[in-house]
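*Asks:* Once you've had a glance at the structure underneath, I'll fire off some questions.
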Amino acid sequence: MLAKVFSAAVSGVNGYPVEVEADVSPGMPHFVTVGLPDAAVKESKDRVQAAMRNSGFDFAPGKYTVNLAPADTRKEGPAFDLPIALAILIATRQVIAIQRDKTAVIGELSLDGTVRGVRGILPIAAALRTAGFETLLVSPENAKEAALVDGLAVYPVKNLGEAAELIEGRLTMEPFRVDLKAEFAQAASYPLDLEDVKGQEHAKRALEVAAAGGHNLLMIGPPGAGKTMLARRLPTILPDLSLVESLETTKVHSVAGALPSDKALIATRPFRAPHHTISYAGLIGGGSYPRPGEVSLAHNGILFLDELPEFERSVLEVLRQPLEDRSVNIARAQISLTFPASFTLVASMNPCPCGYHGDPNHSCSCTPAQISRYRAKISGPLLDRIDIHLEVPAVPYRDLSGDRSGDTSEVIRQRVNAARRRQQERYKGTEVHANAALTSPMIRRFCQPDDSARQLLQQAVDRLGFSARAYDRVLKLARTIADLEETEQISAAHISEAIAYRSLDRKTRR
């Protein structure tokens, strides 16, 4: 007999419905799964058999054929265990299903029939709702995440027997409900605050400018200057995460299996800090069946690369495409996927291999050739994509021993939000939403300095040897600084501050 149960799978960060068909007929014992299953899907036959028997159902010898449609799309993972088991129970008439057409089922089975959680539930639930499904059966640990999708009745089932009773209508329960707005508001808080950083007022100001304009940032300073501490607090002053951005970010983390077990929704800006030994596949994403990498997990947040020159150069070079396109395209022989990767790059490095070049309190043991080789590890094209080069000196004792200083993250974030609103209004109707993404024609149109500012910029180009790229970046930074001051006119003070954030350009002229 033939039976059909609906389920779903994930491709990239989007879900799509899957029809699980089971045909059971007399014959030599045989169990085959077709529809481009991976190893984990093929192994489901053993989990399904054990789960059925240990749940009090029969698994009689015979020929079992399971088809996962569409058959030309690769299926992977254990998420089809529960729908396969239910399809077999219906095909063998051990379960009389009264509701199937608008009901989808997903979940992994343990050998005793317990339903376990799987990855990618949020994009799956969203895709099912778009396809017209009304009911979804999942494990209890996936229920909260699935219930974030409005209009979909989510039922958490603990085991195979409970799922069968629910399908038959012998078990009644209330669908699991989540107040999306309340969940978002509760999760939207940061444990860190920029106020915790003592001293480094110049660096805090640079972080505010970076947050206000979406500018990439490179911090250069000796060990212990507070570069990592500053970077970890940058998300706390970024613009408030919208509900749409929150759902986008949660989808990526759900697919990657990186969603915290105690959270159904990511309501704060992500902060990802991979180790310098990471591979390019780990950074960008990849694998035989591609999964999101760190650049996608940092979507709508911060990607922090500590000790930038210690990363493999080939790894750093693959950052160039996502920094430009705000997405990652991964092509394999059988599939091509696109992952979102709209992040702000923050990096840190020492001024030299020993870390103390230019430090008045420590002597540097590096030769000029060693310093040159150390800095040459960062390619020019990558450096060109970083707007702010910030020198972070060691914190003097008077600052360390004093009380906290400066504004809180909340106060700074309010100024950043106001600056971003000005930019969104200015660039309405275009694909640009922040100053960092301005194209050359838009720079000429929206970043016109006044006469005194133009004279100062000319002197900087002549005396400091700014390149054309550095010239454009100074104008974009000045535009952001003016937005923070709520003025449209770019003055000499704005240009002067912007020039201060291009330290590597100044040093190349000395």
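*Asks:* Going through segment 350-361 one residue at a time, which ones are out of contact with any helix residue (DSSP H, G or I) (no Cβ under 8 Å at 6 or more places or on another chain) and without any contact (Cβ under 8 Å) to a residue 40 or more places away in the chain?
*Replies:* Of everything in segment 350-361, those that are out of contact with any helix residue (DSSP H, G or I) (no Cβ under 8 Å at 6 or more places or on another chain) and without any contact (Cβ under 8 Å) to a residue 40 or more places away in the chain turn out to be Cys354, Gly358, Pro360, Asn361.
To keep it simple, each residue is scored yes or no on (1) of a type in the set (Lys, Arg); (2) touching a Phe, Trp or Tyr at 6+ places or on another chain (Cβ under 7 Å); (3) in contact (Cβ under 8 Å) with a residue 60 or more places away in the chain.
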| position | (1), (2), (3) |
| --- | --- |
| Leu243 | no, yes, yes |
| Lys263 | yes, no, yes |
| Leu319 | no, no, yes |
| Ser327 | no, yes, no |
| Ala331 | no, no, no |
| Leu345 | no, no, yes |
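*Asks:* Restricting to segment 168-181, and then to whatever is open to solvent by 50 Å² or more (accessible area, probe 1.4 Å) and either of a type in the set (Phe, Trp, Tyr) or assigned to a helix (DSSP H, G or I) (or both), can you tell me which residue is nearest to Leu122 (Cα to Cα)?
*Replies:* This residue is Phe176.
*Asks:* Restricting to segment 272-289, count the residues that are surrounded by 22 or more Cβ atoms within 10 Å (Cβ to Cβ) and of a type outside the set (Gly, Ala, Ser).
*Replies:* Selection size over segment 272-289: 2.
*Asks:* Then there is this: Please verify whether Val474 is of a type in the set (A, V, I, L, M), open to solvent by 10 Å² or more (accessible area, probe 1.4 Å) and within 23 Å of Asn216 (Cβ to Cβ), treating the condition exactly as stated.
*Replies:* The answer is no for Val474.
*Asks:* If you take just the helices (runs of 4 or more DSSP H) that sit entirely in segment 362-478, which of them hold at least 3 residues that are of a type in the set (A, V, I, L, M) and touching a residue at least 40 places away in the same chain (Cβ under 8 Å)? Write out each step before concluding.
*Replies:* On the way: elements: 368-376, 380-383, 397-400, 409-426, 440-446, 451-464.
The qualifying helices (runs of 4 or more DSSP H) are 409-426, 451-464.
*Asks:* On to the next question. Return the residue satisfying two criteria in turn: it lies in segment 193-218 and is in a loop (DSSP other than H, G, I, E, B) and at pLDDT 90 or above, and of such residues it is farthest from Pro393 (Cα to Cα). Before the answer, list the steps.
*Replies:* Initially, segment 193-218 is screened for residues in a loop (DSSP other than H, G, I, E, B), giving 193, 197-200, 214-216.
Subset that is at pLDDT 90 or above: 193, 214-216.
Values: Asp193: 21, Gly214: 24, His215: 21, Asn216: 20 Å.
Within segment 193-218, the match that is farthest from Pro393 (Cα to Cα) is Gly214.
*Asks:* Report yes if some residue within segment 128-141 is under 26 Å from Asn54 (Cβ atoms), open to solvent by 10 Å² or more (accessible area, probe 1.4 Å) and of a type outside the set (Val, Ile, Thr); otherwise report no.
*Replies:* Yes, because at least one residue in segment 128-141 is under 26 Å from Asn54 (Cβ atoms), open to solvent by 10 Å² or more (accessible area, probe 1.4 Å) and of a type outside the set (Val, Ile, Thr).
*Asks:* Need pairs with beta-carbon distance below 7 Å; first residue buried (at least 18 other Cβ atoms within 10 Å of the Cβ) and of a type in the set (Val, Ile, Thr) and within segment 496-510, second at pLDDT below 90 and in a helix (DSSP H, G or I); sequence gap 6+ or separate chains.
*Replies:* Close Cβ pairs (under 7 Å, with a partner that is at pLDDT below 90 and in a helix (DSSP H, G or I)) amount to Ile499/Ala460.
*Asks:* Among the residues of segment 269-303, what is the count of those that are assigned to a strand (DSSP E or B), of a type in the set (Lys, Arg) and within 23 Å of Leu218 (Cα to Cα)?
*Replies:* Residues that pass the stated criteria total 1.
*Asks:* Also, quick follow-up: I'd like to verify a number: residues in segment 230-240 that are more than 18 Å from Asp359 (Cβ to Cβ), part of a helix (DSSP H, G or I) and aliphatic (A, V, I, L, M), how many?
*Replies:* First, the residues of segment 230-240 that are more than 18 Å from Asp359 (Cβ to Cβ): 231-240.
Still in the list and also part of a helix (DSSP H, G or I): 231-237.
Then drop every residue that is not aliphatic (A, V, I, L, M), which leaves 231, 234, 237.
Total satisfying the criteria: 3.
*Asks:* With respect to Gly12, determine if the residue is open to solvent by less than 40 Å² (accessible area, probe 1.4 Å) and modelled with pLDDT under 90. Explain how you work it out, then say what you get.
*Replies:* On the way: open to solvent by less than 40 Å² (accessible area, probe 1.4 Å): yes; modelled with pLDDT under 90: yes.
In short, yes.
*Asks:* Could you list, in sequence order, all residues of segment 249-283 that are charged (D, E, K, R) and farther than 30 Å from Arg205 by Cβ? Quick ask: steps written out before the conclusion?
*Replies:* So in segment 249-283, the residues charged (D, E, K, R) come out as 251, 262-263, 269, 272.
Across segment 249-283, the qualifying residues are Lys251, Asp262, Lys263.
The values are calculated or read from the model by the stated rules, or taken from the named source; none is laboratory data. Since we're looking at a predicted model, the values are computed, not measured. Note: ideal-geometry Cβ built from the backbone for every residue, glycine included; neighbour counts use all protein chains shown. These accessible areas exclude ligands, DNA and RNA; they are computed on the full protein's heavy atoms, side chains included. Shrake-Rupley method; radii C 1.70, N 1.55, O 1.52, S 1.80 Å.
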